[in-house]
Structures are given as structure tokens and as C-alpha cells.
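Undergrad: For reference, the structure I am asking about is given below.
The values are calculated or read from the model by the stated rules, or taken from the named source; none is laboratory data. Since this is a predicted model, take the numbers as computed values, not measurements. For neighbour counting, all protein chains shown are included, and Cβ atoms are generated from backbone atoms with ideal geometry for every residue, glycine included. Each accessible area value is taken on the protein alone, full model and side chains, heavy atoms only, with ligands, DNA and RNA left out. Shrake-Rupley method; radii C 1.70, N 1.55, O 1.52, S 1.80 Å.
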Amino acid sequence: MPSPATQYSIVHHKHVYAKWCAAAAYGRGLSGGGNSLAFKLIEASDLDEVIGPEHIGQDVDAWQMSFMKKIEAEAARLNIADFSFGRAQKLVNIYLKTVLVCGGHHQDPRVALLHPPLDFELFKGLRRFLSKNRATLREARLAFIAAQRSNPRWTTFSEADYLAHIKAIKLLMAGKPLYQVEEHWDL
């Protein structure tokens, strides 16, 4: 039996699982992507220091974006071709969703402010939902249309593209937990 100092902790287990989940989601069409690169990028971002909601910064948006910027900078340092801010958001948002939202902290008000992972399936569902509810959700719909016109492909998002989509989601969710937007995934 392992000694207490070498035991495999649940904190470490969640970190490994969150890295794997994020790695599985970010690499669509990325030459040279894969688990190994994703793990390196996540480790460089210090996401492993996020264990619970108490680690979320006071300005949740800036805190979350800081991880994305670290990942984008590390990908640039490693000369990863075609690595975009959209891929960084996918790594960060899936990681935080796994550790915090699905890790039993979903009722914490700070966790409710975390950005959801953005992807084609979510956009497809949002287009359908916002079209059906165009009269009552006009502002959110127009913001989403503008964001999609600028760039509909999460894999090529710039920071500005990402923020435009988050703005539309915040308008749609109107104070509800942002992770709940994922009810519109069209799988």
C-alpha cells in the first residue's frame, strides 16, 4: 500500500482528467496537436492551481482570459502553426468546466460566471434557438449574428471573436449561470 505522501489524490485525479477532457476537445484539424501538446500548454498556464471556486479571481472574465493568454503565448513560443485564441479558450474552458462546473461547484456564484467552451455544436443550437425566439431575444440574437458574421469558426477565433461570442451568450443568459447555455448544444 502506498504511503500517505505518495497516494494518488482526488485533486490530482481531477487535474489529470480535466487535462484529458480538454485535450480531446481542442485539436480539431490542428497539425501537430494532440494530448502531449495540450498537456504542455495546460501545465504552462498554471490551471492546475485551480482546485475550487476559492481560486477564481475577483474579475472572473479577466482571470479566465489570463489562462487563455498564457496558453496562446506558450503555443507561440513553441512555434505551433495555426494555433488560435479559439483553441486556447477550448483548453481553458473545458478544463474549468471539468474541475469546477462538473466537479460539484456549479452552485457557486463565481462558477456561474465562467465562460462555457465554444464550438460548432453550440453555435448550431444557438442559431436555431435564437431564430425561433427572435422576437423576445432580439438583442442577444443580433449580438450572436454579428459575432458569427465576424468569424463563425471557433478554431480560428481571435480574442475579439471570442469576446463577441461571450457577449452574446451573456445577453442570452441574462444573469443565469453561463454554463447553462450548453443546453443548446445540437448533438
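Undergrad: For residue 40, which of the numbered conditions (1) farther than 26 Å from residue 167 by Cα; (2) open to solvent by less than 50 Å² (accessible area, probe 1.4 Å) fails to hold?
TA: Status for residue 40: all satisfied but (2).
Undergrad: Do we find that residue 86 is at pLDDT 95 or above, assigned to a helix (DSSP H, G or I) and of a type in the set (Gly, Ala, Ser) in this structure?
TA: yes
Undergrad: How many residues does region 137-187 contain that are aromatic (Phe, Trp, Tyr) and either touching a Pro at 6+ places or on another chain (Cβ under 9 Å) or modelled with pLDDT under 95 (or both)?
TA: Within region 137-187, residues that are aromatic (Phe, Trp, Tyr) and either touching a Pro at 6+ places or on another chain (Cβ under 9 Å) or modelled with pLDDT under 95 (or both) number 3.
Undergrad: Could you check region 107-130 and list, in sequence order, the residues that are open to solvent by 20 Å² or more (accessible area, probe 1.4 Å) and part of a loop (DSSP other than H, G, I, E, B)?
TA: 107, 108, 109, 110, 119
Undergrad: State all residues of region 143-167 that are within 17 Å of residue 121 (Cα to Cα), touching a helix residue (DSSP H, G or I) at 6+ places or on another chain (Cβ under 9 Å) and without any contact (Cβ under 8 Å) to a residue 40 or more places away in the chain; if no residue qualifies, say none.
TA: 144, 145, 147, 148, 151, 152
Undergrad: Restrict the check to region 132-140 and report whether at least one residue is open to solvent by less than 20 Å² (accessible area, probe 1.4 Å), within 13 Å of the chain's Cα centre (by Cα) and at negative phi.
TA: Taking every residue of region 132-140 in turn, none turns out to be open to solvent by less than 20 Å² (accessible area, probe 1.4 Å), within 13 Å of the chain's Cα centre (by Cα) and at negative phi.
Undergrad: Working only within region 1-12, note down all residues that are of a type outside the set (Val, Ile, Thr) and either open to solvent by 60 Å² or more (accessible area, probe 1.4 Å) or at pLDDT 90 or above (or both).
TA: 1, 2, 4, 5, 7, 8, 9, 12
Undergrad: Follow-up. Any residue that is open to solvent by 50 Å² or more (accessible area, probe 1.4 Å), free of Cβ contacts under 8 Å to residues at least 60 places away in the same chain, touching a Lys or Arg at 6+ places or on another chain (Cβ under 6 Å) and not acidic (Asp, Glu) - is there at least one of those in region 13-36?
TA: no
Undergrad: Specify the residue that is surrounded by the fewest Cβ atoms within 10 Å (Cβ to Cβ); the eligible residues are those in region 141-167 that are within 16 Å of the chain's Cα centre (by Cα) and among the aliphatic types (A, V, I, L, M).
TA: Out of the qualifying residues, it is 160.
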